[in-house]
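The values are calculated or read from the model by the stated rules, or taken from the named source; none is laboratory data. Fair warning: this is a prediction, and the values are worked out from it, not measured in the lab. Cβ sites come from the backbone with ideal geometry, for glycine too, and all protein chains shown count toward neighbours.
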Amino acid sequence: MRTPARLSTLAGALATTLTIAALGATPAHAVTKTYVALGDSYSAGVGSGGSTDSTCYRSPYGYAPLIAKQRGLTLSYQACSGATTADVTSKQLGALSSATSYVSMTIGGNDVGFANTITECAKPAWASDCAGSINAGRAILTNSMPGRYAALFSSIAGRATTAKVAIGGYPHIFQGEDCNLATFFSPSDEQGINSATDDLDSLISTKARAAGFTFVDPRAAFTGHAVCDSTEWINGLSNPIVDSYHPNKAGNVGYATLFGPALTGVAYSALRTAAAAPSGPTLRVQADKVLAMGLTSPANLRRARAAGVDPAEVTRLMSALRSADSVTVDRALARLHALDRHATAVLAARA
């Protein structure tokens, strides 16, 4: 007959054995889940400064790898800079299957000409057709994007049959006056771009929810963190140029805090450290960017005169931008901004 002490010893040994076995076992439910990140530059981490792919960028600081790392997910990083809805369909959907657990995506900005609009609206008022570029994007949004989204979302649902799918919108990239020397966005330009973003996000939300997906809206979270805000989550004009007007490292953490719970049901929490200031282009690079705008072409000089700007002064200032003296270049850029503000006021008064 065993004594109480003997029973206690056996029980302890059994408990130890079971604990060791449990630590060494791999429960069936612990199988790594797969996460496919589809989409464009906003999903490829462009702006974070961590490009690993000369074509697609695919930064480890993008929101998708941040989420995958924290949750222990197997990531298939398909997102690619410059991608359109057609590109996602033809080049990225092959990564999806019935075994896919999670899918995230931002898409549509390139379809409606985001990069072209930014380039056009960055010019001085007399040389820019910002409103025309925005309206061209709106026409694509109205006439083509509903069908493109419906078809793409249907394809995703048909391939990733058991996945949780979250589709992201785009933030307002501007919330104040432009503070970059080599760009000339007016408040009305910024408002127009933001308004078009609202319309795009509204359509994405409608189509995503109709497909049974979760819509991730970044606009509220990014408020106070736009270009030129005291704490930027979106870069202004940057070095390299490709990082311009995209979420930086802090912005991708912001996206991760939105996409993380939308996908996994668990909050994303990252150790927030002081974000390094975005690397801005040198004065020479900024001057060259303005020189590339072609402000001394005959057509642009005619437009300058029509907007109350002396064409001769524009020509003189553009010549000054070629100077090797940084003070001369800086003053020329500042004066061009003053002329842009004058032209903006003149054109607004005529509208």
Given the structure, is Ser319 over 30 Å from Ser81 (Cβ atoms), free of Cβ contacts under 8 Å to residues at least 40 places away in the same chain and not in a helix (DSSP H, G or I)?
no
How many residues are surrounded by fewer than 17 Cβ atoms within 10 Å (Cβ to Cβ), assigned to a loop (DSSP other than H, G, I, E, B) and of a type in the set (A, V, I, L, M) when one looks only at region 56-90?
0
Quick check: is even one residue across region 191-198 outside the structural domain of Met293 (by TED's automatic domain parsing), at pLDDT 95 or above, over 30 Å from Gly94 (Cα atoms) and touching a His at 6+ places or on another chain (Cβ under 6 Å)?
yes
In region 108-132, anything free of Cβ contacts under 8 Å to residues at least 40 places away in the same chain, among the polar types (S, T, N, Q) and buried (at least 21 other Cβ atoms within 10 Å of the Cβ) is listed as none
Failed condition for Arg331, given (1) in a helix (DSSP H, G or I); (2) under 18 Å from the mean Cα position of the chain (by Cα):
(2)
Which of the residues that make up region 100-132 are polar (S, T, N, Q) and within 18 Å of Val346 (Cα to Cα)?
Ser128
Residues that are part of a helix (DSSP H, G or I), closer than 14 Å to Trp126 by Cα and without any contact (Cβ under 8 Å) to a residue 12 or more places away in the chain, drawn from region 306-316
Pro311
Segments classed as helices (runs of 4 or more DSSP H), wholly inside region 197-305, with at least 1 members that are in contact with a Phe, Trp or Tyr (Cβ under 6 Å, 6 or more places away or on another chain):
219-222, 249-264
Top-ranked residue in region 239-249 [being surrounded by fewer than 21 Cβ atoms within 10 Å (Cβ to Cβ) and closer than 13 Å to Ser48 by Cβ; ranked as farthest from the chain's Cα centre (by Cα)]
Pro240
